[in-house]
Amino acid sequence: GNLSISNSPVIWGSVYVPNGTLSMSNSSQIKGNVWANGSASLTTIGGWAKSTTGNISGGSVAGDATAAGTITSSVGGTKYPGTNPGPVPTQTFPQIANSTTAWTNAGYTLVGPYTGSSACTNAYNYIHNTGSGTWATSGLTNIVIQINATCAFSNGNNDTNTIRGNLAVISDGGFTFSQQSNWNGSGTVKNAYFISGYTSTTPCPSSKNISVGNNTNFNSFVNVFFYTPCTATLSNQNNFTGQALAGTANIDNKFTMTYKAVLVPGQGTVTGFSQDIAYVREI
């Protein structure tokens with residue numbers, strides 16, 4: 001769909017809108033490149049800008065600008081109006097199911113599955129060390145918690161949770177972090193995954209949404225991964241490092257995320273590149 005940036009975020013990277021338009025306003029900035037299928041209404045772009053089928057207007061572009069239509073933005077490089085740059089690079093939305101096979105194959109220990117009306121409460125209590133048979137008393141490190149219920153996994157107010165190893169919570173429902181909480185890794189960096197399993201149901205059920213706000217804090221020893229095929233709303237929280245993948249993403253007030261690839265078992269790896277010396281000049 002379309003991407004509308006109406007507040008004032010600074011995005012240290014590039015933005016691709018493969019199936020819609022891009023609209024920027026206020027003092028928002030994109031430090032990298034932008035490429036939209038439709039028209040692009042801009043503020044400040046640090047790289048180049050492209051529109052496959054539309055126009056480029058507003059703001060300034062530090063590099064070149066290429067559009068199938070007109071270009072009226074201030075451009076530091078070269079303007080290429082009436083030039084179709086081709087389709088916007090994209091990839092299909094990953095389908096991460098509520099299955100734990102890939103996780104256990106990767107060395108995680110399955111906890112659950114939790115079912116019934118108290119499934120989410122019991123799963124959270126296991127992490128938060130409430131009641132008997134908790135993570136702290138289990139001696140386990142990397143765990144994957146499976147919730148076979150459509151409840152919303154949520155935290156308590158002012159709770160502090162210790163991430164003792166890599167943690168994955170995979171649910172048929174969603175996640176609501178609406179009260180202040182602290183999720184702290186220690187010693188070495190741990191991964192924390194909060195995954196609402198994939199569905200192709202249309203419209204996407206709101207029970208699978210993710211909402212994170214009100215100072216949900218992840219310290220520097222935790223890399224976080226949020227996933228939902230439906231809607232993720234991220235706002236009012238301290239910085240976190242990781243990724244968020246959603247069918248629809250709402251970025252609201254005071255949200256800062258530092259991107260870091262957090263690999264999901266069974267979903268492939270990051271493909272990099274090789275670097276070597278091309279030639280040596282001796283004087």
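For the stretch 46-64, the count of residues that are buried (at least 19 other Cβ atoms within 10 Å of the Cβ), under 23 Å from Tyr198 (Cβ atoms) and among the hydrophobic types (A, V, I, L, M, F, W, C) is zero. Within the stretch 9-28, the set of residues being within 19 Å of the chain's Cα centre (by Cα) and more than 13 Å from Val88 (Cα to Cα) comprises Pro9, Val10, Ile11, Trp12, Gly13.
Counting the residues of the stretch 64-123 that are touching a residue at least 60 places away in the same chain (Cβ under 8 Å), aromatic (Phe, Trp, Tyr) and within 30 Å of Met24 (Cα to Cα) gives 1. For the stretch 65-82, the tally of residues that are part of a strand (DSSP E or B), open to solvent by less than 10 Å² (accessible area, probe 1.4 Å) and either under 30 Å from Thr256 (Cα atoms) or in contact with a His (Cβ under 6 Å, 6 or more places away or on another chain) (or both) stands at 1. From the list Gly54, Gly32, the lone residue that is over 18 Å from Gly76 (Cα atoms) and modelled with pLDDT of 95 or more is Gly54. The criterion of at least 1 residues that are over 25 Å from the mean Cα position of the chain (by Cα) is met by the following helices (runs of 4 or more DSSP H) wholly inside the stretch 85-146: 119-128, 135-138. When Asn125 is tested against (1) within 26 Å of Lys254 (Cα to Cα); (2) open to solvent by 30 Å² or more (accessible area, probe 1.4 Å); (3) at pLDDT 95 or above, exactly one condition is not met: (1).
The values are calculated or read from the model by the stated rules, or taken from the named source; none is laboratory data. Everything numeric in this text was worked out from a predicted model, so none of it was measured. So basically every Cβ, Gly included, is an ideal-geometry build from the backbone, and we count neighbours across all protein chains shown. Just the protein is used for accessible areas: all its heavy atoms, side chains included, with ligands, DNA and RNA removed. Shrake-Rupley method; radii C 1.70, N 1.55, O 1.52, S 1.80 Å.
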